[in-house]
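Below is one structure, written out as structure tokens; comments come after it.
What follows draws every value from the coordinates through simple rules; no lab data is involved. No experiment lies behind these values; they were computed from the predicted model shown. When we count neighbours, we look across all protein chains shown, and the Cβ atoms used for this are built from the backbone with ideal geometry, even at glycine.
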Amino acid sequence: MTISKKRIVLLGTTWPFRPGGICTFNERLARALISEGHEVIIFTFSLQYPKFLFPGKDQYSDQPAPEDLDIRIKVNSVNPFNWIKVGLELKKLKPDLLIIRFWIPLMAPALGTIARIVRTNHHTRIITLADNIVPHEKRMGDKLLTNYFVGSSDGFVTLSHKVLDDLKKIKSSIPVLYTPHPLYDNFGAAISREEALKQLNLDPQYRYLLFFGFIREYKGLDWLLTAFGQPEFRKFPVKLLVAGEYYTSPEKYEQLIRNYHLEEHVLLHTHFISDAQVPAYFGAADLVVQPYKSATQSGVTQIAYHFEKPILVTDVGGLGEIVPTGKVGYAVTPDPEAIAVALLDFLENERTEVFTRNIQSEKARFSWGKMVETIDKLDEEIVKNRLI
């Protein structure tokens, strides 16, 4: 497929915000677009969340700006005058394509207003890369805000069929394409289990189940603790490694650990995990566990694929379509009992070798080239629709 070279502005979170999740994805996407010959400018936030709305400890990176990316700190998410200013600047800049990253209705007023202003130049096409349309943690006004934003975009790329279906319920006529979340291949090569355990000061006589990422209610750590608390697990030399910062109160999780007497069986590394530490956590893991109560897709799954680690997910949102059960891991019913059954199967039947072998072939379908092709295909459709 021949991809025409474009001037592209990517509007979304990148440095100076700390790496991880959407920030890491956006920077990796920018590099993928540049590698195809496109000119890419990033407009990121000067203020993303007011401090009182941010659930973590710190929003900002302590690292220098990436030298290979043109990042311009522009957007204040709560200042309407700023939205107009940025919209007018982008309207004048007249990129061929404006790619907006949308993940939460809170950002709809800022992003939707900017997009509406840019569209008045009658040149720039606006494509939204949508993580979610219906948020995991619902709030009053979500539907109104989301509808406002959806009306500002010419087309959408979704990372799961669940988000595609949600979008079509809002606006069935809008052009939308699905492509799976690409691999997070920016963390470098895998390291050996021995080196990973040494870096994390973990005992090599144990196997490790890894829960990785920010701890939020919808991610189901309570379900995992309930499953892991069953007495059948105590016959195995296995520990649960929880790696990620609390974005909710820790009280419920700590109480479950006490209730099931898991103090010696659960390791809580509940601080922000830097990019440099990621290979160690995945190198130490025997199985990556994502016991989510709701989901669309997850970057954690794609990190696991990159490091060729077996995966357990609950079959919610788009997770089941990414993890073929019995092939690279498990996609189970979203409840603690089903999670426990799958974990016991993994530990009792030594599934690591076959799952790892299958992951090595399966992960080829999650390329950044596929993401760039999908964006270009949607852009071509938008251009044709304008000519009709």
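The share of alpha-carbon pairs in region 76-152 lying farther apart than 15 Å comes to 53%. Between R207 and V238, K239, the built amide H atoms are under 5 Å apart, and every one of these is 5 or more places off in sequence or on another chain. Pairs from the table (K138/K239; K5/K384; K168/K384) lying more than 23 angstrom apart at Cα are K138/K239. Taken over the C-alpha atoms, the chain has Rg and Dmax values of 21.3, 67 angstrom.
Taking 20 Å as the cut-off, the amide N atoms of region 213-230 that come nearer than this to a point 7 Å along the Cα-to-beta-carbon line of D275 belong to 213-214.
Projecting the alpha carbon convex hull of region 193-365 along each direction and taking the average yields 9.0 nm². Projected onto the charge dipole of the chain (+1 at Lys/Arg Cβ, -1 at Asp/Glu Cβ, origin at the Cα centre), which of L88, A338, P50 gives the Cα projection farthest towards the positive end? Positive-most Cα among the choices belongs to L88.
Rg of the Cα atoms in region 128-260, relative to 2.2 N^0.38 Å, amounts to 1.44. Under 5 Å from the amide H of L11 lie the amide H atoms of F43, I99, I100, R101, each residue being 5 or more positions distant or on a separate chain, with H modelled from the backbone and absent for Pro and chain starts.
So for each of 125-134, 16-25 I average, over its residues, the number of other beta carbons within 10 Å; can you give me the resulting order with the highest mean first?
Numbers: 125-134: 23.9, 16-25: 20.1.
The peptides rank, most packed first, as 125-134, 16-25.
Dividing the summed -39500 (n - 2.57) terms of all DSSP H runs of n ≥ 4 by the residue count of the chain sets its mean residue ellipticity at 222 nm at -11500 deg cm²/dmol. Phi angles of region 147-162 translate, via the Karplus equation with coefficients 6.51, -1.76, 1.60 and θ = phi - 60°, into HN-Hα couplings of 4, 4, 5, 4, x, 9, 10, 7, x, 10, 10, 10, 9, 8, 5, 4 Hz per residue; Gly and Pro are given as x. Packing-based ranking of 141-152, 190-201 yields 141-152, 190-201, ordered from highest to lowest mean Cβ neighbour count within 10 Å.
Computed from the Cβ-Cβ distance with R0 of 22 Å, the FRET efficiency linking I84 to I174 stands at 0.35. Rounded to the nearest 0.05, the FRET efficiency derived from the C-beta distance between D203 and K370 at R0 = 35 Å is 0.30.
Counting other Cβ atoms within 10 Å as a rough exposure proxy, the listed residues H38, H261 run H261, H38 from fewest neighbours to most. Taking other C-beta atoms within 10 Å as the exposure proxy, R365, R139 rank R139, R365 from fewest upward. Packing, as the average of other Cβ atoms within 10 Å across residues, places the peptides 115-124, 250-259 in the order 115-124, 250-259, highest first.
What is the gain in length, in nm to one decimal, between S361 and Y60 on full extension, counting 0.36 nm per residue of separation less the C-alpha to C-alpha distance? Don't skip to the answer; put the middle values down first.
On the way: separation 301, 0.36 × 301 = 108.36 nm, distance 3.66 nm.
Full extension of this stretch gives 104.7 nm more.
Once backbone amide H atoms are built at 1.01 Å from N, G326 has A331 as its partners under 5 Å, excluding neighbours fewer than 5 places away on the same chain.
For K143, the aspartates and glutamates whose Cα comes closer than 20 Å to its Cα, not counting residues fewer than 8 places off in the same chain, are D131, D154, D165, D166. Remark: L241, L29 ranked as L241, L29, counting other beta-carbon atoms within 10 Å and listing the fewest first. Calculated from the alpha-carbon coordinates, region 41-195 shows an Rg and a Dmax of 17.1, 58 Å respectively.
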